[in-house]
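Following: one structure in structure tokens, then a few remarks.
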Amino acid sequence: MENLPPVRELAAQLLQAQATATPIQPFSERFTGYDTAAAYSIQQALVEQKLAQGHVIIGKKIGFTSEKLRRQFNVDEPDYGVLFEDCVLMEHEPLEIDKLYSPRVEAEIAFVLKCTCGTWPFTSSWASPPPGAP
């Protein structure tokens, strides 16, 4: 395995893979020195590159919140990231299958927050029901 290249280069590889809907070999299988800290550094570089391209952050995401799922995938803690506008499909908007690779369906629970929230701990008082909710 090779040493880990600069994070900006790896972020660019991820952007290219997304733009062309072409899978790439996981970095963890290609490079030594790839760990959680490296993954978050690559993620930050990816966020910076997407923002520079004019993309807009519309939310944040926490993954692997289920202990059972973390055990299944050998993950020791939840992960987090940002959501961009190009990752959202609105109701009645057609899904372009040719822009996907290895598509899967996963239920997601989302909360629309009524404020720009500060630090942890988040509280339920920050959430507002989505439009049309009972």
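Can you tell me which residues in the stretch 66-87 are surrounded by 13 or more Cβ atoms within 10 Å (Cβ to Cβ) and assigned to a loop (DSSP other than H, G, I, E, B)? Val75, Pro78 - these are the residues of the stretch 66-87 that are surrounded by 13 or more Cβ atoms within 10 Å (Cβ to Cβ) and assigned to a loop (DSSP other than H, G, I, E, B). Among the residues of the stretch 41-65, those that are among the small types (Gly, Ala, Ser), surrounded by 12 or more Cβ atoms within 10 Å (Cβ to Cβ) and part of a helix (DSSP H, G or I) comprise Ser41, Ala45. Across the stretch 1-40, the number of residues qualifying as farther than 24 Å from Glu77 by Cβ and part of a helix (DSSP H, G or I) comes to 10.
With respect to Gln43, determine if the residue is among the polar types (S, T, N, Q), under 25 Å from Glu77 (Cα atoms) and modelled with pLDDT of 90 or more.
Spelling it out, Gln43 is indeed among the polar types (S, T, N, Q), under 25 Å from Glu77 (Cα atoms) and modelled with pLDDT of 90 or more.
Somewhere in the stretch 15-24, is a residue farther than 30 Å from Leu113 by Cα, surrounded by 15 or more Cβ atoms within 10 Å (Cβ to Cβ) and not small (Gly, Ala, Ser)? Checked against the condition, which is being farther than 30 Å from Leu113 by Cα, surrounded by 15 or more Cβ atoms within 10 Å (Cβ to Cβ) and not small (Gly, Ala, Ser), the stretch 15-24 yields no hits at all.
The values are calculated or read from the model by the stated rules, or taken from the named source; none is laboratory data. None of these values were measured; they are calculated from a predicted model. Here the Cβ is made from the backbone with ideal geometry for all residues, glycine too, and neighbour counts use every protein chain on show.
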